[in-house]
Amino acid sequence: MTVQSTNRELMRTLDGVAASDGAGVKLRRYIGTEDLPELDPILLLDEFRTDGAEDYLAGFPDHPHRGFETVTYMLHGRMRHQDNKGNRGLLESGGAQWMTAGSGLIHSEMPEQSDGLLWGYQLWLNLAAEEKPMPPAYWDLPVTAIPAVPVGSRSQAVVIAGELLGTWGPTPQRQSEPLYWDLQLEPDEELLLPVPNGHVLIAFVCQGDLLLAHQPVRSGQLAVFGDGSAIEVRTGPAAARVLLIGGKPLREPVSRYGPFVMNTREEIQQAFADYRAGRM
Ligand code: CO
């Protein structure tokens, strides 16, 4: 039997919507909107990118999570993290935090700078029903702890999650087999990246305009791909930076309310009850 290699097609691009979260942090939401409520197993994708301190200083004070994972990737700036289980961490430029909310926690995420550019991304990834009860866990990864692999002729890909060309990201294995790569591309590159068949796959263009699956995609746009085993990426005269994110669909019922993502309505009610009773 031969396995045919198929290149993925670009199905749609989205410009996201302006939103505000936490104590009034201005951000742009790309997944978790009316237009694109979710893309199993991806529940949410936010970009915060501003040099106006008033847009981010209030941060994200104490709030709960249960039933999924958050991946925060800071391109620039510092974010202090603290939860009610005694975990603390400081995310700095180039660093990532993989947080398993699992059975539940209450935490704060506060910018630790009073001026300058704050630029980062938060992704929410769903957990399979049998993974949701696991205790909260953290992977706090400074830039030096995240491997990079050469791609194209002069470019590189930082591998936060999943496997690319034999290099694995330093984050946990999950049923959804998540991948999260930061493609840092030089001008005039042409590459074909292998990606797992059957995974949902998105690309967020942080910087530069380029061709993804032969279609032009601009900086600040999210691209959603059809299925296939490879993705074609081509830069023009400018460098580009693209987050390539994906996961295997869980195909389970999703019951979601604010910071809780479970499988049934009863489990959401239980989450609220546990939160109110101080059991989170
Ligand atoms: Co949070």
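Any idea which of (1) within 16 Å of the ligand (Cβ to nearest atom); (2) open to solvent by 30 Å² or more (accessible area, probe 1.4 Å); (3) in a strand (DSSP E or B) is the one H107 doesn't satisfy?
Every condition holds for H107 apart from (2).
So which residues in region 22-64 are open to solvent by 20 Å² or more (accessible area, probe 1.4 Å), within 27 Å of N84 (Cβ to Cβ) and in a strand (DSSP E or B)?
Within region 22-64, K26, R29, F60, P61, D62, H63 meet the criteria.
So which of L201, L192 ends up being more than 29 Å from A18 (Cβ to Cβ), outside any loop (DSSP other than H, G, I, E, B) and in contact (Cβ under 8 Å) with a residue 60 or more places away in the chain?
L192
Assess whether S229 counts as being within 19 Å of E177 (Cα to Cα) and open to solvent by less than 50 Å² (accessible area, probe 1.4 Å).
yes
Could you tell me whether E54 is at pLDDT below 95 and in contact with a Lys or Arg (Cβ under 6 Å, 6 or more places away or on another chain)?
no
Out of G152, G162, G166, report the one residue that is touching a strand residue (DSSP E or B) at 6+ places or on another chain (Cβ under 8 Å), exposed (fewer than 15 other Cβ atoms within 10 Å of the Cβ), over 28 Å from K26 (Cα atoms) and modelled with pLDDT of 95 or more.
G166
So which residues in region 79-104 are open to solvent by less than 60 Å² (accessible area, probe 1.4 Å), not in a strand (DSSP E or B) and not small (G, A, S)?
N87, the sole residue that qualifies.
Say we look at region 65-78 and pick out the residues that are assigned to a strand (DSSP E or B) and open to solvent by 10 Å² or more (accessible area, probe 1.4 Å); which of these is nearest to the ligand (Cβ to nearest atom)?
R66
Looking at region 206-219, which of its residues are in a strand (DSSP E or B), surrounded by fewer than 18 Cβ atoms within 10 Å (Cβ to Cβ) and touching an Asp or Glu at 6+ places or on another chain (Cβ under 8 Å)?
Correct list: L211, P216.
Since T144 meets every condition but one in (1) surrounded by fewer than 17 Cβ atoms within 10 Å (Cβ to Cβ); (2) outside any helix (DSSP H, G or I); (3) of a type in the set (V, I, T), which condition does it not meet?
Of the numbered conditions (1) surrounded by fewer than 17 Cβ atoms within 10 Å (Cβ to Cβ); (2) outside any helix (DSSP H, G or I); (3) of a type in the set (V, I, T), the odd one out for T144 is (2).
Matching residues to (1) among the acidic types (D, E); (2) within 27 Å of W168 (Cα to Cα); (3) touching a residue at least 40 places away in the same chain (Cβ under 8 Å):
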residue: L250; (1), (2), (3): no, yes, yes
residue: V261; (1), (2), (3): no, no, yes
residue: R265; (1), (2), (3): no, no, no
residue: A271; (1), (2), (3): no, no, yes
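The values are calculated or read from the model by the stated rules, or taken from the named source; none is laboratory data. The structure displayed is predicted, hence computed values, not measured ones. Neighbour counts run over all protein chains shown; Cβ positions are idealised from the backbone, glycine included. Note: areas computed on protein heavy atoms with side chains; ligands, DNA, RNA excluded. Shrake-Rupley method; radii C 1.70, N 1.55, O 1.52, S 1.80 Å.
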